[in-house]
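*Asks:* Please find one structure pasted underneath; my questions will follow.
The values are calculated or read from the model by the stated rules, or taken from the named source; none is laboratory data. All values reported here derive from a predicted model rather than from experimental measurement. All Cβ positions, glycine included, derive from the backbone under ideal geometry; neighbour counts span all protein chains shown.
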Amino acid sequence: MRILTLDNQTYHLDKVPDEIEEDIRFSVLDNSDPKNPDFYFVPLIFLESFSAPAMVLDIDGNEITMPLDWCIAVGDSESGNDLEVLPLTSLNDRGFEAFLFNPLTSYTTMFKEVKIVNFYNDVK
């Protein structure tokens, strides 16, 4: 799994050492107030490792492994910015496009096709 840091770099959580001396923060979309959504960079305080089923997705040429019980924001680039949050198990190669947004580089949103590449029963 990767997170977006304040330095606009992806940080691979699979390679985190046992102790971290630097301040690592990751981006979170807070939609608790739907009329005023915002991104926050919260500190990575601790990281728990566990095994769970996972799905490998290809989004615009980037492979991303995500826990099977997570959700993804999807939409349609042709019909506008109407987003839906769907469980990964509902994708089923139905032509959905993932909502892509980097709050550090611009406020332009993009939609890219999501393809299911693989499933794993147990990923740490």
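*Asks:* Looking only at the stretch 80-113, count how many residues are among the acidic types (Asp, Glu) and over 26 Å from Gln9 (Cα atoms).
*Replies:* Residues in the stretch 80-113 being among the acidic types (Asp, Glu) and over 26 Å from Gln9 (Cα atoms): 3 in total.
*Asks:* Taking Pro103 and the conditions (1) assigned by TED's automatic domain parsing to the domain that holds Asn121; (2) over 19 Å from Val114 (Cβ atoms); (3) in a strand (DSSP E or B), which numbered condition does it fall short on, given that it satisfies the others?
*Replies:* Here Pro103 meets the rest and fails (3).
*Asks:* Also: On the basis of being touching a residue at least 40 places away in the same chain (Cβ under 8 Å), over 15 Å from the mean Cα position of the chain (by Cα) and loosely packed, with under 12 Cβ neighbours inside 10 Å, does Phe50 make the cut?
*Replies:* Yes.
*Asks:* Please list, ordered by first then second residue, the pairs with beta carbon atoms under 6 Å, 6 or more apart or interchain, first in the stretch 3-15 and assigned by TED's automatic domain parsing to the domain that holds Ser27, second outside any strand (DSSP E or B) and surrounded by 12 or more Cβ atoms within 10 Å (Cβ to Cβ).
*Replies:* Going by the 6 Å Cβ cut-off, the qualifying pairs are Asn8/Leu104; Tyr11/Thr5; Leu13/Met1.
*Asks:* Residues of the stretch 30-42 being over 17 Å from the mean Cα position of the chain (by Cα) and not hydroxyl-bearing (Ser, Thr, Tyr), which ones?
*Replies:* Asp33, Pro34, Lys35, Asn36
For (1) closer than 24 Å to His12 by Cα; (2) touching a residue at least 12 places away in the same chain (Cβ under 8 Å), each residue gets a yes or a no:
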site: Pro34; (1), (2): no, no
site: Thr65; (1), (2): yes, yes
site: Trp70; (1), (2): yes, yes
site: Gly75; (1), (2): no, yes
site: Tyr120; (1), (2): yes, yes
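Residues are listed down the side, and each one gets a yes or a no for (1) under 25 Å from Thr5 (Cα atoms); (2) surrounded by 15 or more Cβ atoms within 10 Å (Cβ to Cβ):
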position: Asn36; (1), (2): yes, no
position: Pro43; (1), (2): yes, no
position: Val56; (1), (2): yes, yes
position: Glu63; (1), (2): yes, no
position: Trp70; (1), (2): yes, no
position: Val74; (1), (2): yes, yes
position: Leu88; (1), (2): yes, yes
position: Leu91; (1), (2): no, yes
position: Val123; (1), (2): yes, yes
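*Asks:* Quick one: in the stretch 93-121, which of the residues that are over 14 Å from the mean Cα position of the chain (by Cα) and of a type in the set (Lys, Arg) is surrounded by the most Cβ atoms within 10 Å (Cβ to Cβ)?
*Replies:* So the residue we want is Lys115.
*Asks:* Additional query: Let me confirm something: among Leu83, Leu68, Leu44, which residue is modelled with pLDDT under 85, closer than 28 Å to Phe119 by Cβ, assigned by TED's automatic domain parsing to the domain that holds Phe101 and of a type outside the set (Asp, Glu)?
*Replies:* Leu83
*Asks:* Checking Phe26 against (1) in the same structural domain as Thr109 (by TED's automatic domain parsing); (2) in contact with a strand residue (DSSP E or B) (Cβ under 6 Å, 6 or more places away or on another chain); (3) free of Cβ contacts under 8 Å to residues at least 40 places away in the same chain: exactly one of these is not met. Which one?
*Replies:* That leaves (1) as the condition not met.
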